[in-house]
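These notes are about the structure you will find just below.
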Amino acid sequence: MDVDVRAINEKIEKESAFIDILTLEMNKVIVGQKQMIESLLIGLLGNGHILLEGVPGLAKTLAINTLSKAVQASFSRVQFTPDLLPADVVGTMIYNMKENDFMIKKGPIFANFVLADEINRAPAKVQSALLEAMQERQITIGDTTFKLDEPFLVMATQNPVEQEGTYPLPEAQVDRFMLKVVIDYPKLQDEQLIMRQNLSGEFATVNPVISVAQIIKARAVANEVYMDEKIEKYILDIIFATRYPEKYNLANLKDLINFGASPRGSINLAKAAKCYAFIKRRGYVIPEDVRAVVFDVLRHRIGITYEAEAENVTSVDIINAIINEIEVP
Amino acid sequence: MVRAEIDTTNIRIGEQFQLKISVAEIENVIIPKISLIGLEIIDSTRTDTLKNSLIRRYILTGFDSGAFYIPQQQIFVKNQAFLTDSLLINVATIRIDTTKVKKFPIKTIQKEPYTFDDFSLYLYLLLAILAIVGFWIYWFVIRKRESEIEISTYKALPPYEEALLKLTALDEKLLWQNNKTKEYYSELTEIVRGYIERELKVPALEKTTDEVLEMINIFKKSDTVDTSKETIELLKDLFREADLVKFAKSKPLAIEIEDDRRDAEYIIGNLKPKTIIKEEEEDELE
C-alpha cells in the first residue's frame, strides 16, 4: 500500500491544532503533570481506557474532571466502594407505578467520560460489569442493548497504598486498559505553584475548547499515521522479549517473568505510538514514540514471579532491561 | 449348470494338470474353496467372466503315486447348490534304473553371489551419517570459525579504521544507486552508532536518535569527548535525515545522500573521547 506521509503530515497539522489549546486549558488547573496530560490525550485519541495510579492528592481525579470539562462531552463519576452493585454502574430496570410497567434507568456509565474513582475498592462483580462495558462498548439492561456514545473513555484511578479491604484488578481485566499511568509527586517548583494557587483560593475555570466531533475526526487522522515495517518489528521484538526473553539475550529475565504481554499489548503499543506521533505533530512513527509510551502500555501487562517480587524487581525494571537490549531500528 | 473338467487323466509324480470349473450363469455364483484328497493345488486363476458363464481354472499336481479322485465340488448358483462330477486322475511313478544312473552325493548349501541390494541399506545409512556429520562440522565449526574470523578482523581494528572499512564496504554494495535508500541509511547509521559504541564505550545501538544526541551533548558539556558543536549538529542532521528515510518514506536526492555519506565519515573522524593525560606523564612532559 502506498502511503503519502506528506499528506498525512498536512492533515495532522490541520487536525492537531486543538492539542495546544486543550493542553493549555488543562494546564490552567493541573500543574506539573505533563506526562499524565499526554497520556490522557493518547487515551482520548487511541480510543483506549486509562488506569491512573498514584498516591492520594496527586490530582488524578482533578485531571480527568478537567479534561471532561475542556471537551464538550458528558461526564460522570462513580466512586467505587465495597457496597457498590453492578446496577449502580450500568443501570437497572425500575417499576413505574404510574405506567404500571418496568422502565430502564441508565447508570452513570452512559457518558463520554467516565471516572471510576478508586476502582479497586469495589468487589469483582462491579469491576467486571465496568470492564465488560469498556470492552464491548455496549450495555444490556433487561432485554435492551444500548450502544455507548463515542468517544467513550473510562479513566479509573487506584491508590497503591491502603491495600486493606481492596479488590485488586485481575490481570485479565487490567489488560483491557490501554495505558496504566503511574503518577509521581510534582517537582518542587510545581508544588510551590500548586500551594500558592490553593492558598490564594483563585481557581481557574476550565472552558470547553473542543467538541466531540473534533475528537472523532482527530482519531481518524491519528489512525492514519504511518508506521513503517521496521517500527512494527521493533514493537514485536519488545513484546516477544517479554514472552521469550532468552531468545533476546535476556536469559536472566526468564525466571522473573511469569507471563509476557498479550497481543493486546502489541496492538495498544502500536496504537499509542501512533497517537504520540500525532500529538508531536508527526505523520509517521519513530522509535522515540514507541519508547515514550512503552512503560504505560506494558507495565500492567507483564506478570512478575515471586522470585522477582522477592528481589524487588518490578515490571518497569523488566521493560527497562528489554529496551536497553533490543536494537533500535 | 456346473461342470468340472481336467485336461488329462494321467500324470507323472509332480506333473501339473489343469482343472476347469465352469458355471453357466454369471450372477450370484459362489465357488467355494475346492477340497482335494491326495492332490495339491499349485495355483488358481481368478474367476473369468464370459458372456453367459464363469470359468475358474486350477493347476493341480500329485506327489504320491496312485489313483485319486477329485471329489464332487459344491457350487452355489442363486442360493442353490449344484454338484460337479467327480473325476479320476492317475498319478504314476517314474521308473529309474538304479544300476545305470550314476549317483551323486548331496550338495552342500550353495551361497548366492552378492548383489548391490545386499549392501544398499548400509550404504544409504553411511551416506546419511556422513551428511549429518558434514553439516554438523560446517555449522558448528567452520561457520563459527568464519564468523569469528570476520568479527575478529573488525574487532582487531581500532574503531575508526573499522568504521572506515565498513563505510567502504557499504559504498561497494551500491545500495542507494539500486533504489535501496532505506537499507543504505539503516546501514550508514548503524556504522556511525557502532563507532560511537566502540569509541566512547557506551551503548548506542539500543538508543534512539534523541538519546544518542543527548548522551553526546552531556559528554561534550562534561568535556569527556573531543568534538565540536558542528560535528554534533552534523550527527543530529544525519540521524534526523536517516529517520525520515527509514520511517517516513523520504527519498533524498543523490547529492543529499552523498553529503550524508561524507558527513558520516567526517563525524567518525571528529568524534573521539578526550585523552586523559595523567599527572605523572604531564610532569615528564614538562
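Read the figures in this text as sums done on the coordinates, not as results from a lab. Since the structure is predicted, the reported quantities are computational estimates derived from the model, not experimental observations. Positions of Cβ are generated from backbone atoms using ideal geometry, with glycine treated the same way; all protein chains shown enter the neighbour counts.
Worth a mention:
- For A:LEU148, nonlocal amide neighbours, meaning residues 5 or more places apart or on other chains whose placed amide H falls under 5 Å from its own, are A:GLN138, A:ILE139.
- Check: the protein assembly as shown dipole with +1 on Lys, Arg Cβ and -1 on Asp, Glu Cβ, in debye: 3320
- Under the simplified labelling scheme, the B:LYS229-A:ASN100 pair shows an inter-label distance of 8.9 nm, with each label point 7 Å from Cα along Cα→Cβ.
- Which listed pairs, of A:LYS217/A:LYS274; B:LYS249/B:LYS272; B:LYS201/B:LYS229; A:LYS98/A:LYS147; A:LYS34/A:LYS271; A:LYS254/B:LYS201, have C-alpha distances above 22 Å, in listed order: B:LYS249/B:LYS272; A:LYS98/A:LYS147; A:LYS254/B:LYS201
- Exposure rule at most 10 other beta-carbon atoms within 10 Å, DSSP loop GluC sites (Glu not before Pro): chain A longest free segment: A:203-329
- Taking every Cα-Cα distance in chain A and sorting them into 20 Å bins starting at zero, the pair-distance distribution P(r) comes out as 29, 57, 13, 0 percent.
- Estimated from helices alone, the mean residue ellipticity of chain B at 222 nm is -14500 deg cm²/dmol (sum of -39500 (n - 2.57) over DSSP H runs with n ≥ 4, per residue).
- Selected from A:TYR248, A:TYR306, A:TYR95 as most flexible by GNM, with chain A as the system and alpha-carbon contacts under 10 Å: A:TYR95
- Most mobile listed residue (A:ASN258, A:ASN120, A:ASN268) in chain A, GNM with C-alpha springs under 10 Å: A:ASN258
- Ranked from largest, the principal axis spans of the Cα set of the range A:225-325 equal 43, 22, 21 Å.
- Over chain A, DSSP H runs of length four or greater, each weighted -39,500 (n - 2.57), average out per residue to a 222 nm ellipticity of -14000 deg cm²/dmol.
- Our estimate of slack between B:LEU130 and B:ALA92, defined as 0.36 nm per intervening residue step minus the Cα-Cα distance, is 7.4 nm.
- Length-normalised contact order for the range B:119-262 - Cα pairs under 8 Å, 6+ apart - percent: 18
- Calculated FRET efficiency for the pair B:LEU157/A:ASP255, C-beta based, R₀ 41 Å, to 0.05: 0.60
- Sequentially through the range B:255-266, phi angles give Karplus couplings (6.51, -1.76, 1.60; θ = phi - 60°) of 5, 5, 5, 5, 4, 4, 5, 5, 4, 4, 5, 5 Hz, Gly and Pro residues having no value and appearing as x.
- Using alpha-carbon coordinates, inclination of helix B:159-173 to the longest axis of chain B, degrees: 60
- Loop-located GluC sites (Glu not before Pro) in the range B:1-63 whose Cβ has at most 12 other Cβ within 10 Å (DSSP): B:GLU27
- At most 16 other Cβ within 10 Å, DSSP loop - trypsin sites (Lys or Arg not before Pro), the range A:120-176: A:ARG137
- Reciprocal mean inverse distance between Cα atoms of the protein assembly as shown - Kirkwood radius, Å: 33.1
- Once the Cα atoms are used to define both axes, helix B:209-221 deviates from the longest principal axis of chain B by about 30 degrees.
- Amide H contacts of A:ARG77 (H built 1.01 Å from N, in plane; Pro and chain starts excluded): A:LEU115 sit under 5 Å, all sequence-distant by 5 or more or on other chains.
- For the range B:135-267, taking Cα atoms only, Rg and Dmax work out to 16.5, 54 Å respectively.
- Trypsin sites (Lys or Arg not before Pro) lying in DSSP loop within the range B:189-225, provided at most 11 other Cβ fall within 10 Å: B:LYS201
- Potential extension, B:SER222-B:SER147 segment - 0.36 nm per residue separation minus Cα distance: 23.2 nm
- Distance from the range A:37-79 to the range B:208-254 (C-alpha centre basis), Å: 36
- Ranking A:VAL225, A:ALA272, A:GLN197 by Cα position along the charge dipole of the range A:190-293, where only Lys, Arg, Asp and Glu carry charges on their C-beta atoms, puts A:VAL225 farthest toward the positive end.
- Candidates A:ASN312, A:ASN112, A:ASN223: whichever shows maximal mean-square fluctuation once chain A is modelled as a Gaussian network with Cα springs under 10 Å: A:ASN312
- With the simple spin-label model, which puts each label point 7 Å out from Cα in the Cβ direction, the B:GLN80 to B:ILE137 separation comes to 8.2 nm.
- Relative intensity, log₁₀ I(q)/I(0), of the range A:45-182 from a Debye sum that treats every alpha carbon as a point, q = 0.13, 0.17, 0.20 Å⁻¹: -0.55, -0.91, -1.23
- Each 5 Å bin from zero up to the one holding the largest Cα-Cα distance in chain B carries the following percent of pairs: 1, 4, 7, 8, 7, 6, 5, 4, 3, 3, 3, 2, 2, 2, 2, 2, 3, 4, 6, 7, 6, 5, 3, 2, 1, 1, 0, 0.
- Label separation (B:SER44 vs A:GLN189): 10.9 nm, computed from points 7 Å beyond Cα along the C-beta direction.
- Relative contact order of chain B, defined on C-alpha pairs under 8 angstrom at six or more residues apart (%): 12
- The relative contact order of the range A:78-143, computed from alpha carbon pairs under 8 Å that lie at least 6 residues apart in sequence, is 43 percent.
- Which of A:VAL209, A:LEU115, B:LEU36, positive extreme of dipole for the protein assembly as shown (C-beta unit charges): B:LEU36
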